[in-house]
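Since the structure comes first, as structure tokens, the remarks are kept for the end.
Nothing in this text is a laboratory measurement; each read-out follows from the coordinates by a stated rule. The structure presented is a predicted model; accordingly, all values stated were derived computationally and were not measured. Ideal geometry is used to build each Cβ from the backbone, glycine not excepted, and the neighbour counts take in all protein chains shown.
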Amino acid sequence: MAAATVAATAEQQPDNARPERPGVSVRVRITVAVSLLALLALTGAGLIVYVIEAQRIDQDISDRVDGQFGEFVKFQQQEGASFKSVGAMLDGFLEVEVPNEDTALVTWYDAGDGDGPRPRHVSAGGYTGADKAAFERAAAKIAQDNGRTRLDDPKDELILNAQTVQMNGQTGALIVVTYYGDARAGLRDTISTYVVVALLSLLVITAFAAAQSGRLLAPLRTLRETADEITDSDLSRRLPEAGHDDISALTRTFNRMLDRLEAAFVGQRQFLDDAGHELKTPLTVLRGHLELLDVGSPSEIAETRELLLDEVDRMSRLVGELILLAKSDRPDFVTPRPVDLTALTVETLAKARGLGDRTWTLDETASATVALDEQRLTQALLQLCDNAVKHTGPGDVVALGSSYDGETARLWVRDTGPGVAPEHREQIFERFGRSAVPEHDEGFGLGLSIVRAIAQAHGGTVSLEDEQPHGARFVIAVPVTGTEPIDPGDRVEDETEDEEFGLWPAS
């Protein structure tokens, strides 16, 4: 049973469905990214401070050593002649000189006691390391050539700088010992404090990033939740709009998309309801006649056949017009090409004369070439002409005209019939919407809705105006970007007519 359940579930899943996998949320990723950037910035800043301060300390030590040697050279020049030996002069300098902070002065010479040259005296409070032998070995390396060396003592790191001096054939040296660990103790304290402050700052930045990203992403969570709750049976949900940032703009865009989807779904449902309602009657007629048909009567069969064929023709016209309306939302419903408005108006009037015995008149025309779909607009104008014929009598005027003001092309059909009552002017443009129905009118009420669909596909509108003293004037207004010189070679006629072009004037 369990295996069968699993198999059934697998069959219900579409082939291209990908299971949702839990992952790290955007909020966590943003927080981690901000924290890493802050960590890198704080670490980089700490390293820069450390390097700069370490260089400053090294330079300060070098300057103090140079200053100490400068004092010794000055003492040697001023007081050196009064001393009989190098050792006496070095010890004399040690008595009068006070070493800099974190430093000690050590005299190095041979006292003639058989021990050879070695450290003799250290300035007050001085320190030469816990390992005396190591200090002597290090000092011996630099005492003869003004050298410099570093000594890793168990208690501290020492830097030794020597200033060699000769007098009466004797050689000695003044050694300046710098306590490098003490000199850098302040830097270590500073860096330790910086690390604590940086960690606290990182925590604050991380908390702020988490809170702020959560606030900024809240509309996206609401967007996801709303999208999950929306179904094809309920598109009324909308997101709350607040603010003027990018996410607020996304929210408004999503709401506008829902408005369009809801309008499309409602239109489709209404379209199906209207089509089903209109198809129900002819189907009922067909069924009723077929059920009552006497197959033994040739005359009744012939009569019923003619009636049913006529009803099938009506259904075919209805289906064709419904297909045309359904296609009007497609982007390729119209194909704009350069069209001469004067030629379009004149040719349409010539075609319309066959619709009825009326006084066909040409109003003003526009001498301009604009980008329009000639076949679709011809279809719309002929539909308006057929509508005018239905609501007028023999001898009444039906006129066509066109104009262009540089921005909008207008084409109209006017008549001297009874006109349209104000309360019906919106209704007649709806699918299956009808006003006063003339006698012998077998249309479905789709003609004017087709005209409006063609106008809207061009980005334009169709409107109804009153004529004086009576009548109606239907105007198709289409925005165009500009005119072009009239060139007969630009007017390319289709080799085959549009499949719906012959549907007029069924409605």
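Of note:
- Full extension of the chain segment joining residue 37 with residue 208 gains 60.2 nm, where the gain is 0.36 nm per residue of separation less the Cα-Cα distance.
- For the pair residue 330 and residue 467 in one chain, pulling the backbone fully straight at 0.36 nm per residue adds 45.9 nm over the alpha carbon distance.
- Residues 450, 52, 323, ranked from the fewest to the most other C-beta atoms within 10 Å, line up as 52, 323, 450.
- Counting beta carbons within 10 Å around each of 462, 32, 51, 177 and listing the fewest first gives the order 51, 32, 462, 177.
- FRET efficiency estimate (nearest 0.05) - Cβ-Cβ, residue 285 to residue 227, R0 56 angstrom: 0.75
- Take the Kirkwood radius over Cα pairs of the range 168-236, plug it into Stokes-Einstein at 20 °C and 1.002 mPa s, and you get 115 µm²/s for translational diffusion.
- The label point for residue 456 and the one for residue 168, both projected 7 Å from the Cα toward the Cβ, are 12.0 nm apart.
- At R0 = 41 Å, FRET efficiency that the Cβ-Cβ distance of residue 77 and residue 157 yields, to 0.05: 0.80
- Chain lengthening between residue 57 and residue 201 when straightened (0.36 nm per residue, less Cα-Cα): 49.1 nm
- Projecting label points 7 angstrom from Cα along Cα→Cβ for residue 115 and residue 238 puts them 10.0 nm apart.
- Residues residue 247 and residue 47, FRET efficiency given R0 of 22 Å [Cβ-Cβ distance, rounded to 0.05]: 0.05
- Residues with amide H under 5 Å from that of residue 446, placed H, sequence gap 5 or more: 432
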